[in-house]
Amino acid sequence: MLKKIAALLLVPVLLAGCSAAGDVETLLRAPQLSGESAALQKALNNYLGGSATLKYPASGDFLSPFAFGDWDGDGTDEAAVLYTTDTTSSNVWLAVLEPTGESSWRVSRVVEGLTSEVQSFSAAHLRDTSSQQLLAGYVSPQGDQYLVVYQYDGDTLSTVISKSYTDMIVADFTGKGDTQDLVLALPPDTELGGVTLQLLTANDGEFRSTQTLNLGEGVYSSCAALHAGTGSDDGMYLVMDAWTGTSSLVSDIILYDGATGFLQPYRPSGMSDIQRSTLRYHRELLSRDLDDNGTVDIPVEIDDGGTLQTPMDKRLSFLLWKDYTSMAGGNSKFGVYDSEYNIFMELPESMHGSILIRSNQSGTGWLICNAEGTTVYCEMRVVDPADNAATGVGNYLRIANIGSQQLQARVVTSYYGLSLDFISQNTVLLGSN
């Protein structure tokens, strides 16, 4: 599964005062670049006859304005730079640069993008094994997204595809092994409803659309996310999370049928209603490879996990994560989800339906108890480690950092399978991948 990487940008805050304009300009000036990045910007500025402003994409393979790869397949890496200028339109521009020596570059081609912001920036072997195509996702001020696939051949920088989209994913869905495929979720069609997926793949050396597939007509309102992962048969599975309204999510599973050459819905054995089987009501509960085994897991909220006492019933939910990729129905992981901090804590399956969870005494977390609430097995809490009064004493283990706070755990009464090592290894912050 291609995993998205979150970038944390630290933005300086300028306080109002009587500083001279020059001081403010110094504070606003971008940090000085070094090495190849500085050489690239110098070559770009010389080409433009002015100063380029670098643009950072929000997601994708490259979280920098600079990307390196063999775009034209000649065996030598080129560079790509995202930038804007004061002398042209407000749109982002893409420049491809060729190396001319050690730490020396020249601008080969430039092309104007579609909007002023870059949502994603990636590269993939879409046409052949040697060259790479650049994929730039642009977003408008209104939130509309547009994907452009660029092809550089050493002489020209051309647009292969330009499409409006809501989500995208690159993987070898067709099993060619030497090239990758692109699947786009297209903007919702108000007449048809549902979600339309478009498969684009290489055929006879050309990369083009080969199929559109409409899913969930009358049920899905839009695509929330696309995920790819391998199944128990080593095939590539596409999992789509979709909105069924403004607040509820379901998932669909799609496989490529080599006999027909098309994507088609996949229904695991015994699953008659995939929408009902995968329904959840928390917006953050997107599918993911929960255990890093290469298979996409789908979360499902369940009502038979145990008892949640007030006020924890407003914050916690019992979940099953299932991968659904075997004829037997796949693997599952049982646990509890904390919607306040977006945390999933796996629990031993033997606890399923036989535990009670209540708030701890300090109100900083919760206690996992037996069904009667008379025996406490484990305490989970989120505290500021600098606050001695809040942290108190006890054999707590730090599980994760959540901002300036810590997620901590301690075992109170031994329970088979629920050790501190198990909790540490199987507690996931769902906001990160």
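The values are calculated or read from the model by the stated rules, or taken from the named source; none is laboratory data. Only a predicted model underlies this, so the values are computations on that prediction, with no experimental measurement involved. Every residue, glycine as well, gets a Cβ built from its backbone with ideal geometry; the counts of neighbours run over all protein chains shown. These accessible areas exclude ligands, DNA and RNA; they are computed on the full protein's heavy atoms, side chains included. Shrake-Rupley method; radii C 1.70, N 1.55, O 1.52, S 1.80 Å.
A few remarks follow.
- Matching residues in region 141-167 - criterion: being closer than 15 Å to F121 by Cβ, under 22 Å from the mean Cα position of the chain (by Cα) and open to solvent by less than 50 Å² (accessible area, probe 1.4 Å): Q145, L147, V148, V149, Y165
- Identity of the residue in region 50-86, open to solvent by 60 Å² or more (accessible area, probe 1.4 Å) and outside any loop (DSSP other than H, G, I, E, B), that ends up farthest from S103 (Cα to Cα): T53
- Residue, modelled with the lowest pLDDT, within region 203-223, restricted to residues that are hydrophobic (A, V, I, L, M, F, W, C) and out of contact with any Leu (no Cβ under 6 Å at 6 or more places or on another chain): V219
- Residue match in region 191-201 (condition: assigned to a loop (DSSP other than H, G, I, E, B) and surrounded by 21 or more Cβ atoms within 10 Å (Cβ to Cβ)): no
- Residues that are open to solvent by less than 20 Å² (accessible area, probe 1.4 Å) and touching a Phe, Trp or Tyr at 6+ places or on another chain (Cβ under 7 Å), drawn from region 247-284: S248, L249, I253, I254, L263, P268
- Flag if N395 is part of a strand (DSSP E or B), polar (S, T, N, Q) and at negative phi: no
- Exactly one residue among M351, M345 is under 22 Å from the mean Cα position of the chain (by Cα) and either of a type in the set (D, E) or at pLDDT 95 or above (or both), and that residue is M345.
- The set of residues in region 356-372 that are open to solvent by 10 Å² or more (accessible area, probe 1.4 Å) and closer than 18 Å to D303 by Cα comprises L356, R358, N370, A371, E372.
- For first residues located in region 275-304 and under 18 Å from D252 (Cβ atoms) and among the aliphatic types (A, V, I, L, M), partners that are in a loop (DSSP other than H, G, I, E, B) and open to solvent by less than 40 Å² (accessible area, probe 1.4 Å) and lie 6+ apart or on another chain with Cβ distances below 6 Å form the pairs V296/S287; V296/D289; I298/T278; I298/S287; V300/T278.
- Condition met for A400 (within 22 Å of E284 (Cα to Cα), part of a strand (DSSP E or B), in contact (Cβ under 8 Å) with a residue 24 or more places away in the chain and open to solvent by less than 50 Å² (accessible area, probe 1.4 Å)): yes
- Within region 334-355, if we keep just the residues that are closer than 20 Å to Q406 by Cβ and either of a type in the set (S, T, Y) or without any contact (Cβ under 8 Å) to a residue 12 or more places away in the chain (or both), the residue that is most open to solvent (accessible area, probe 1.4 Å) turns out to be Y341.
- Residues satisfying the stated conditions in region 120-154, i.e. under 21 Å from A202 (Cβ atoms) and among the charged types (D, E, K, R): R127, D128, D153
- Yes/no for D167 being acidic (D, E), closer than 30 Å to W243 by Cα and touching a strand residue (DSSP E or B) at 6+ places or on another chain (Cβ under 8 Å): yes
- Cβ-Cβ contacts under 6 Å between residues 6 or more apart (or on different chains), taken from a first residue in region 42-68 that is without any contact (Cβ under 8 Å) to a residue 40 or more places away in the chain to a second residue that is acidic (D, E) and in a loop (DSSP other than H, G, I, E, B), are listed as F68/D77.
- Count of residues meeting criterion [in contact (Cβ under 8 Å) with a residue 40 or more places away in the chain and under 25 Å from the mean Cα position of the chain (by Cα)] in region 101-138: 19
- Boolean, Y152 is touching an Asp or Glu at 6+ places or on another chain (Cβ under 9 Å) and at pLDDT 95 or above: yes
Listed here are the residues, each with its yes/no results for (1) open to solvent by 40 Å² or more (accessible area, probe 1.4 Å); (2) of a type in the set (V, I, T); (3) part of a loop (DSSP other than H, G, I, E, B).
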| residue | (1), (2), (3) |
| --- | --- |
| T88 | yes, yes, yes |
| S122 | no, no, no |
| T129 | yes, yes, yes |
| L135 | no, no, no |
| G175 | yes, no, yes |
| P187 | yes, no, yes |
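- Selection within region 224-239 - within 19 Å of R276 (Cβ to Cβ) and either open to solvent by 20 Å² or more (accessible area, probe 1.4 Å) or free of Cβ contacts under 8 Å to residues at least 24 places away in the same chain (or both): A224
- Among residues of region 291-321, those that are among the aliphatic types (A, V, I, L, M) and open to solvent by 20 Å² or more (accessible area, probe 1.4 Å), counted: 3
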